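Student: Before we start, here is the structure in question, set down as structure tokens.
Bear in mind that the values in this text are calculations on the coordinates, not laboratory data. Owing to the predicted nature of the structure, the values given are computational and were not obtained by experimental measurement. Here the Cβ positions follow ideal geometry from the backbone for every residue, glycine too, while neighbour counts run over all protein chains shown.
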Amino acid sequence: MYIVMLGAPGSGKGTIGKILSNDLNLVHISTGDIFREQINKSTDLGKKIKKYLDDGALVPDDVVIETIKARLLEQDVESGAILDGFPRTVAQAEALRDFFENNKPGAKRVAIELDVPDDEIIKRVVNRLICTNKSCGAIYNKETKPPKVENVCDVCGSPLKRRADDNKETVTKRLKIYHENSTDLINFYRNNNALYSIYPQNLDVAVKSIKEFLKEYKRK
Ligand code: AMP
């Protein structure tokens, strides 16, 4: 099964996506993580896209689509994956649909929308801390989920840091861009009868409810 996580930046796509990835044994693919890695390694792609991430703007559709298609052809995602942060536009959603129709026609596809009010998003994002160890990637919140030791990951002991684009100005911009595309994107999946929307106020309750939905969906 391929699960698309939809929701504004800071809505919990990464946190919930990683829990589902562990529990359902599906590879977690985040386009944001792929792009940040390319930027850190100063690859040609990294150099090309850095300005978009710094500005909180969307990377052009053709670049994102090529990146995700290449990733989805790798062997570890043959039986499914969780897509976090892709698609973000209807053009990307259509490209993904076409990719599946051409390459994995029988694959089950479903979208989960995390619907969180903007004021809560801003609070979450400016307080967000992320483990610098890429293979861990645990996510904390200075107010609601602080690490036991300041700036140290509870899981692996690596230092924590704030993402460069997790400041109020950039988040406000990212939210505006999200809302420009989200209605059409959500409608795209709603019209395909493969959308589950939830306001994840409590993490455990949200995960349980998403898993119940996925179980039902798989059975259909
Ligand atoms: P994220 O980690 O999902 O918040 O993504 C961080 C940044 O990466 C975004 O603000 C965009 O600049 C870029 N990005 C990630 N995924 C996409 C996408 N599907 N389309 C366009 N830009 C993206």
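Student: Starting from residues that are of a type in the set (S, T, N, Q) and closer than 24 Å to E94 by Cβ, keep the ones in the stretch 28-61 and report whichever is nearest to the ligand (Cβ to nearest atom). Spell out how you get there, then give the answer.
Tutor: Taking the stretch 28-61 first, the residues of a type in the set (S, T, N, Q) are 30-31, 38, 40, 42-43.
If we keep only those that are closer than 24 Å to E94 by Cβ too, we end up with 30-31.
Values: S30: 6, T31: 3 Å.
Among them, the one singled out is T31.
Student: Counting only residues that are away from the ligand (no atom under 16 Å from the Cβ) and either assigned to a loop (DSSP other than H, G, I, E, B) or small (G, A, S) (or both), how many does the stretch 171-196 have?
Tutor: The number of residues fulfilling the criteria is 3.
Student: I'm trying to understand the selection: among the residues of the stretch 1-20, which are surrounded by 18 or more Cβ atoms within 10 Å (Cβ to Cβ) and away from the ligand (no atom under 14 Å from the Cβ)? Give the derivation first.
Tutor: Step one: list which residues in the stretch 1-20 are surrounded by 18 or more Cβ atoms within 10 Å (Cβ to Cβ), which gives 2-20.
Listed by number, the residues that qualify are Y2, I3, I19, L20.
Student: Is one or more of the residues making up the stretch 156-170 of a type in the set (D, E, K, R) and part of a helix (DSSP H, G or I)?
Tutor: yes
Student: Right, something else. Going through the stretch 189-220 one residue at a time, which ones are of a type outside the set (A, V, I, L, M, F, W, C), free of Cβ contacts under 8 Å to residues at least 12 places away in the same chain and exposed (fewer than 13 other Cβ atoms within 10 Å of the Cβ)?
Tutor: Of everything in the stretch 189-220, those that are of a type outside the set (A, V, I, L, M, F, W, C), free of Cβ contacts under 8 Å to residues at least 12 places away in the same chain and exposed (fewer than 13 other Cβ atoms within 10 Å of the Cβ) turn out to be N191, N193, Q201, N202, D204, K208, E212, K215, E216, R219, K220.
Student: Pull out all pairs, ordered by first then second residue, where Cβ-Cβ is under 6 Å, the residues are six or more apart or on different chains, the first lies in the stretch 37-49 and is within 10 Å of V63 (Cβ to Cβ), and the second is within 12 Å of the ligand (Cβ to nearest atom) and part of a helix (DSSP H, G or I).
Tutor: Qualifying pairs under 6 Å: L45/Q38; I49/F35.
Student: List, please: which pairs have Cβ atoms under 9 Å, are six or more places apart or on different chains, and start with a residue in the stretch 170-188 that is in contact (Cβ under 8 Å) with a residue 24 or more places away in the chain and end with one that is in a helix (DSSP H, G or I) and basic (K, R)?
Tutor: Filtered contacts from the stretch 170-188: F188/R97.
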